[in-house]
Structures are given as C-alpha cells and as structure tokens.
Amino acid sequence: MQDLNRDQRCLRFLDALLQDLRIALRVLRHSPTFAAIAICSLALGIGASTAAFSLFNAVMLRPLSVPKADDLVLVQPLRRADRFVLFNPLFEALRDRQHTLTGLAAIADQPYLPVTFDDARLPSYVRGTLVSGDYFPVLGISPSLGRLLGPTDDELPGGSGPCSAVISDNLWRRRYEQDADVVGRTLRVRESVCTIVGVAPASFPGHEGGYRPDVWLPLRPLTDRSALESRRMAFFSGILGRLAPGVTITQAETELTSLYQRAIAEQPAPVSTNQAPDRPGDFAIHLAPGAQGLDNLREMFGMPLIIAMIVVGIVLLIAAVNIANLLLARGLSRMPELATRAALGASRARLLRQLATEGTLTVVLGGVLGAALASWAAPALRSWLFTRDPTLALDTHVDQRVIFMAIAATGLAALVSGILPASRLSRVPLYAGMAADGRTNVGSGQRLMRILVGAQLALSLLLTMTAGLLLQTIVHLTRIDPGFQPEHVVMLEIRDEASAAKPGTAETAEQKAQRAVIYATVEARLNAIRSVRAASVSWLGLFSANDRSLNVIDADQPNNRGEARVDFVSPRYFETVGMQLVRGRGLSDRDREGTERIAVVNEAMAHMRFNGDALGHRLTLDYAGERDRPFTVVGIVRDAKYNSLRETRTMPMMWAALAQASYRISSVALRTEPGAEAAVLREAEAVLKGTNVDLMVRRTTMLAAEVEQTMARERLLMRIASGFAAVAILLAAIGLYGTLNYAVRRRTREIGVRMVCGAAPTAVLRLVLRDAVIVAFVGIVVGAPLAIGVGFVLRPILFGVAPVDPVTIIACGALMTIVALLAAYLPARRAATVDPVTALRWE
C-alpha cells in the first residue's frame, strides 16, 4: 500500500512538472521578444564561460594521460629562491644518487627538428623531444607497437649500439599510414641514423599541453659532448620525476636539495658568472605537482587565461542578473494572473514552482545554445592566443571538467535568474494582485529591480575600466617609435642545418670560406628577386626573440668593457629594416674576410662607452679566438627597439659584417614593393632551397606583424574586455530599460494626476531620467572601488598608464551615465506623453 501511495505521489509530481513545462513553453511562445533576449543573453554568458574554461582546462588543469599522474613531480632548481637551470652533470648526479623518486627524466624539446625519412631525399622539420633513459619508465606508459626508449638507449655511442627512436601515433598514421612494419625502419636526425623501435600510444600526446612530439629520441647520443659536460650551458626544457611509494614531496625535496648542494660543492668550477660567488647553500630543489606535465605553457599564458575567466564570469553574472530583472518585472506585471490562480486553489508553493520552472527553462535553452556557441568559440580563442607559435597543438576537446563547468554555469544562471525572482514574487501578497486589476504599487519589487540594475552597471563599469586601461596601454605602445621602418618587410626565420665542427674543435678556414660564399650567393639572389627593394641576412635578426649579449672590450682601453647586443649582418641590413645612419658609414660589399674588420654601433653604445664619439674606436669580443681580432667602429645608427616595444632602456648594440665572421644565419629580411609580400615570400623560399638544402625555413612573417605581436597579449585582453564590456553595457541598458518601463506602467495613474495638477511633460521626463541617473550613480559608486582594484591587478601588463587613472575612471563613469540616460529615454518619453484623462479612466 505504501509503495502504491509513493508511486501515485511520484506520478502526480511528474504530471505537475509536465504541466508546468507546457505552461512555461506557452508563456515563452507568447513573448517571443523577451524569450529571444533572455535566451541569447544567457547563451552568450554560458557559451563564453564554457569556451574560456575549455582553454583554461587544456592549459592549466588537464592531467597527462599516464597512470597515476598525481605521483608525478616537476623538479625546479632554485638559486637564492629564484628559478634557475639544471646543468646536465648535476642532473646526472641527482638521478644516480637519489632514492625518493622511482625515476628522474630530463626533457629537451626540439620544436624544429630536421629529420630525413628513409623514403625522402630532403630533410623536413618535425616536433621532436630528446629524453633521458628514464622518461618512459617514469611516465609508466606502454607502447602501441614495438617498445619504448629505456636507459640503455640513452648511452653514449659505442655503448648499446645505434640510435633508437619512438614515433607518435599521429606521425605513424600521417606519414606511415599505420604500417605495422614501421618498426625497424630508419630516419636520419642531422648526422645520426636512428632506428624506429616503437610507436607511442594514441592516448599519450606528450608531456606538456600544447606540445605534441612527433618523435622521441635519446638525449645523450644526440647531444654534443661539450653540452653534456658543461656546467654553464643549460638545454633542458624541464625535468620530471615520480614519487616512490610512501614518499611525500617534502621528503623528496629535502633529499634532492641536500644532494644538489653536495654536487655543487664537489665541483670547483663556478656555476655562475656573477661577481658575487655562489655558495652551495644558495641552491635548492623545489618539487611542484607534475600531473599536468611541464609548466612552460602555464607560466606563459596563465595570467591572460585567468583574466579571461574572470571577465566571462562577470558577463555570465550580468546576463543572469539581467534575466532575473526582466523575469521579476514580468512577474510583477502578472500579479493579477497569479492572484487569480491562487483564488482558484493554487498554493503558493505551486505558483513558486511554476515561476521557477519558467526561469529555469529559459536558462536551460540558453545553456544548450551556449554549449553550441562554446564549440565554435573555443578554437577561435585558441587561435588568438597561439598565433605566434605554430608548433603548439592545444587539445580543447570536451571532457568531464568542461561538461561540469557548462552545467555549473547553467545552474548558477538558473539560480540567479530563475529562482531569485520566483522567490521574491512568492512573498508579494496575492491580494495586491487582485486590487485594481493588479496596478497597486509593489514598492519592494521595484527596489530589488533597481538594486539588480545597479549591480549590472557596477560590473559593467569594472569591465569598461579594464578595457580602458588596456586600450591606453596599446595606444602608448603604438605611439612608440621603434627606430626602424617595419612596413613592407617580410621575414624568414631560418636555420643552417649543415653539420658543424665536432665538439671541442674549431671550423677550418675552408669551412668558413664555403659558408661565406653560400651566404653571399643567397643575399645576391634575394636582392635579384623582382619587387625586392633590399634584402639582407643576419645571425640573429630583428624582433626574432633572439637575444645575444656579449662582453665587448675597448681594445685600446681594456678597462672600458661591458655587455652589448651583437649581431652579424650582411651589407644591406640597415637599408632593409629601415634603420637610420646618423654618422659615418654602414657596411658594404668591400667588408670581407681579409680586410679590416669593421663594426657599426647604436647611439646608446656611443654615448655610454665613448661619450658619443665612437668612430675609430676598436672593439673586441671577450672570448677565445676573438680577443686579438678587433673591429673598428665606422658608423653610428639611431637607437631602435630590438625585441619588444616595452624595452624601456636601450641596450648598447653592435653590428659587424657577416662576411668577416663564421656565424650561421637565422634570419632573412626583404623590403618589398607594397602588395608584393606574398609573391616575394614564395620566391625567397625557393631561392633558399635552390641555393643550399641545409638552409631550412622555419617560419615566415612580416616585420610589422612581429612588432605587433609584442602587443598580442594586451590586444587579446583588450578585445576580450572591450567585447564583453560592450555586451555587459547592452545587458545593463536592457535591464534599466525594463525596470523603468515597468515603473512607468506602474505609475501611470500617478503621472496622470501630476499632469492634471499642472505638471509639464518636461517635468515628467526629468522625473524618469532622474531615477535613471540615481541608479547609474549608485552603480558607479559601488563599481569604482572594484574597477580601481582591477587596475592594480593589471599593473604588470599596463604600460604608460597608472592603475588608478582619473581620466579612465571619469570617462567610464560618464559612459555609464550616458548609457543609463539612453536606456531611460524611451520610458521617459512614454511617460511624458501620457494622456491624463485616459490614464485616470484606465486606472
């Protein structure tokens, strides 16, 4: 009997729920404008939140697809409490002596690894990773084919045999078409022939979000012996370990720090070149959770992603508050209907459930549309973030965290926009809805609506302030004169992959001469391309993220020394990039090996080192083979930015003739005729490939785009903030319009009486606009402290603008006031045109 009663109650509940849903659908169908505004507003907030979180999840939260990922740790060396690097000899000492980790693996990523496949004639770039022998054992994964690399594969040549390689599942499918006989095939990595011994599982894309290696190779056999033995050359991308069973991070940190300090003390050569000597106690090992793999991407994009999450969260809250306001206004206007239902026997709980069902259904429809929007927005946001690095392959697929986020966002919106107004309306006396056909004053409901609108305006001010500060930052950056002319300059990032001299030996004069001939031929052919005004090649290039500072000594005054940026360039370099020569001469074709070595310096070096008169001074580079081969300064060029527009201090800079040095080029620049950039790029790539197959192109771009890219983070955040600020302002305006429109309808009789008593239409207009200004003022007063707090949060990103900028605050406050007045104009105009006789008769 009890089961029967329970079943009957359940059926009655389901029947009532279906009835509520039918009524809710009918209400939305009869109010298409309201339904469209509500659903689209929520879809935007929920979709943006979900899209931003999917990217945040991929970069910051998603663990590696390995067994027991929570046991992984990142080994982070510290020097005087700051992040430091770990040199290979010290890594090997830690690896061999420690007992708190089951293994320790060093990783050296090679985003541009030249590989010649056994069925190809020329090399091509793939994403590679050099790993120590414990890499795969530490991760604990199993191959899908063959075997994975182990400690014996990481022995130096002459130990276990030829080089081994493991390829990714993606490369196996893309290049080898899932050939089961791929094991045993070979590929050439620079000068080494490696045998494929296995295929990694498809579930394991790599050890860091965004970086998917195509091939894993043993670290020691493919790394110069000098780098392996050096205590001043660091080349690891990161170090991963796995905690032994029962060992805590604190215990492992203590052991590794002790071993690290002991290893440093055992080696007499200094680890640092700083003047203050390093002591073993200055060093320590910090272990960070490694479930998400290496943290390079998280450090780079963590702050922009967190800010994006905050911004879209605010927009979601504004959208939910806006819908709550509109539902509250509609609910108050439906008091006669609710009162009639109550009179016919509906309980207050039944009415509350009906109103909550209507709000929740609106939110659910918005959530479904938002999920569809997120599937499009996530890849777009990913492309905005990672435009500069084509080697990044971030996986933003929907997992359980993203699903939970979408459900949580929908639930929050339902709570705010559905249940809040329903709960508030349930406390309104139902007899008030019957009186005078429901047109009595429900003051507390209007107060709540004003509070909600004020909250929207406060949050909108916060976003507008963020966008304003970032906009000023970008304006200040764009006003900076870079010191060169980036327009119509195409850039090719290249690498000379020709085999180098063996470690510990110098290149022969014949090798240097051959390279000089190749580079001179490349430059001549590039300058011969149609539509090219000037072309040049260089060791480092401009705005290329390459930055080399060397100790430069005045050959005639050895005490006059200091670090300077040094680049080796071809004769037409300054003409190509548009740098202005202020004194002396530039480089020429006459400056070749065997002639007097010459150099050009910037104004900063001339003033800092030679009181502005640098011409004729002789400079030498302070390292072996260069101290007795001085450069004579023959020209001075205007100061320019080198790698970023944010450079507040111009470093001393020296350019020397590439033909008088043996450095390998990494950058090609070509100044083109306007509109010919694409054609020139194609011809330049063909020239490089046709001249020497070892000159491989990594990336092509425009110099103006590289300069612009230094503001990419600020522009991205500004677009996010300004776009969502515009949406927030629109939603707040809609909310204010709905509130005032409802207030005018509720006060129709009052307005009619005022006008009968002699009130002019302009007075009624001012009355409604005054209400809007009051609401806007309250929102600005509440939002201003929040906006100022945002300024301090953004301080590391801002440039040329203070976190508390009065101009931005006043401008944003004025904008909020104007928006409030515009939103209030239509209700105010409607109130001013009320016919008093009609209003009194209707009332």
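The values are calculated or read from the model by the stated rules, or taken from the named source; none is laboratory data. All values reported here derive from a predicted model rather than from experimental measurement. Heads up, the Cβs are rebuilt from the backbone with ideal geometry, glycines too, and the neighbour counts pull from every protein chain shown. Accessible surface is based on the protein model in full, side chains and every heavy atom, while ligands, DNA and RNA are left aside. Shrake-Rupley method; radii C 1.70, N 1.55, O 1.52, S 1.80 Å.
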* Take each of the peptides 42-53, 80-91, average the number of other beta-carbon atoms within 10 Å over its residues, and list them starting from the highest. => 42-53, 80-91
* Structure fact -> In whole µm²/s, the translational diffusion coefficient that Stokes-Einstein assigns to segment 211-267, given a Kirkwood hydrodynamic radius over C-alpha pairs, 25 °C and 0.890 mPa s, equals 169
* Would you check the accessible area of HIS488, probe 1.4 Å, heavy atoms only, in square angstrom rounded to 10? => 70
* Ignoring everything but the protein chains, give the 1.4 Å probe accessible area of THR521 in square angstrom, nearest 10. => 50
* Structure fact -> Looking only at aspartates and glutamates whose Cα falls under 14 Å of LYS689's and that sit 8 or more positions away or on another chain, we get GLU493, ASP496, GLU497, GLU523
* Taking every pair of alpha-carbon atoms in segment 755-824, what share in percent sits in each 10 Å bin, from 0 to the bin with the longest distance? -> 18, 36, 23, 14, 7, 3, 0
* Taking the C-alpha atoms of segment 450-560, convex hull volume expressed per residue in Å³ -> 305
* Dipole of segment 666-712 [Lys/Arg +1, Asp/Glu -1 at C-beta], most positive-end residue of ALA705, ALA669, VAL687 -> VAL687
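Please state the charge dipole magnitude for segment 687-821, taken about the Cα centre, from unit charges on C-beta atoms (+1 on K and R, -1 on D and E), reported in debye and rounded to the nearest 20.
Numbers: 14 positive and 7 negative charges, 107 e Å.
So the magnitude is around 520 debye.
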* **Per principal axis, descending, Cα span of segment 129-233 in whole Å** => 41, 29, 21
* To do: Mind checking which of GLY800, ALA678, ILE788 is farthest towards the positive end of segment 669-816's charge dipole, using Cβ charges of +1 (Lys, Arg) and -1 (Asp, Glu) about the Cα centre?
  => ILE788
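Normalise the Cα radius of gyration of segment 580-732 by 2.2 N^0.38 Å (N = residues in it) and let me know the number.
Normalised by 2.2 N^0.38 Å, the Cα Rg of segment 580-732 equals 1.43.
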* Asked: What are the radius of gyration and Dmax of segment 655-801, computed over its Cα atoms and given in Å?
  -> 30.7, 97
* Asked: Along the charge dipole of the chain, Cβ charges K/R +1 and D/E -1, which of ILE249, ILE39, MET300 sits furthest on the positive end?
  -> ILE39
* Structure fact -> For the chain, the longest principal axis of the Cα atoms and the Cα long axis of helix 249-266 enclose an angle in degrees, to the nearest 10, of 20
* Take the solvent-accessible surface of the protein heavy atoms, probe 1.4 Å, and return the percent of it on segment 460-589 that carbon and sulfur atoms account for. => 48
* To do: On a 0 to 90° scale, report how tilted helix 2-30 is relative to the longest principal axis of the chain, with both axes built from alpha carbons and the result rounded to the nearest 10.
  => 80
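Using the crude model of +1 on Lys and Arg Cβ and -1 on Asp and Glu Cβ, and no other charge, please compute the dipole size for the chain relative to its Cα centre, in debye to 20.
3920
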* Computed accessible area, GLU191, all protein chains, 1.4 angstrom probe, square angstrom -> 130
* To do: In vacuum, with every alpha carbon of the chain counted as one equal point scatterer, what does the Debye formula give for log10 I(q)/I(0) at q = 0.05, 0.10 Å⁻¹? Two decimals, please.
  => -0.41, -1.18
* To do: Please compute the Cα-Cα pair-distance distribution of segment 491-646 with 10 Å bins starting at 0, giving whole percents from short to long.
  => 9, 35, 39, 16, 1
* Asked: Per the 1.4 Å probe, what fraction of the accessible area of segment 187-258, in percent, lies on carbon and sulfur atoms?
  -> 50
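Can you tell me the accessible area per residue over the chain, all protein chains present, probe 1.4 angstrom, in square angstrom?
Working: 37700 Å² over 843 residues.
About 45 Å² of surface per residue is accessible.
May I ask you to rank LYS689, LYS68, LYS512 by accessible area, largest first, using a 1.4 Å probe over the protein chains only? Walk me through the numbers on the way to the answer.
Values: LYS689 130, LYS68 155, LYS512 85 Å².
Sorted by accessible area, descending: LYS68, LYS689, LYS512.
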* Asked: Mean residue ellipticity at 222 nm from the helices of the chain, using -39,500 (n - 2.57) per DSSP H segment of n ≥ 4 over the full residue count, to the nearest 500 deg cm²/dmol?
  -> -16500 deg cm²/dmol
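Of all accessible surface on segment 737-819 at a 1.4 Å probe, what whole percent is carbon and sulfur?
Numbers: 3000 of 4100 Å².
The value for segment 737-819 is 73 percent carbon and sulfur by accessible area.
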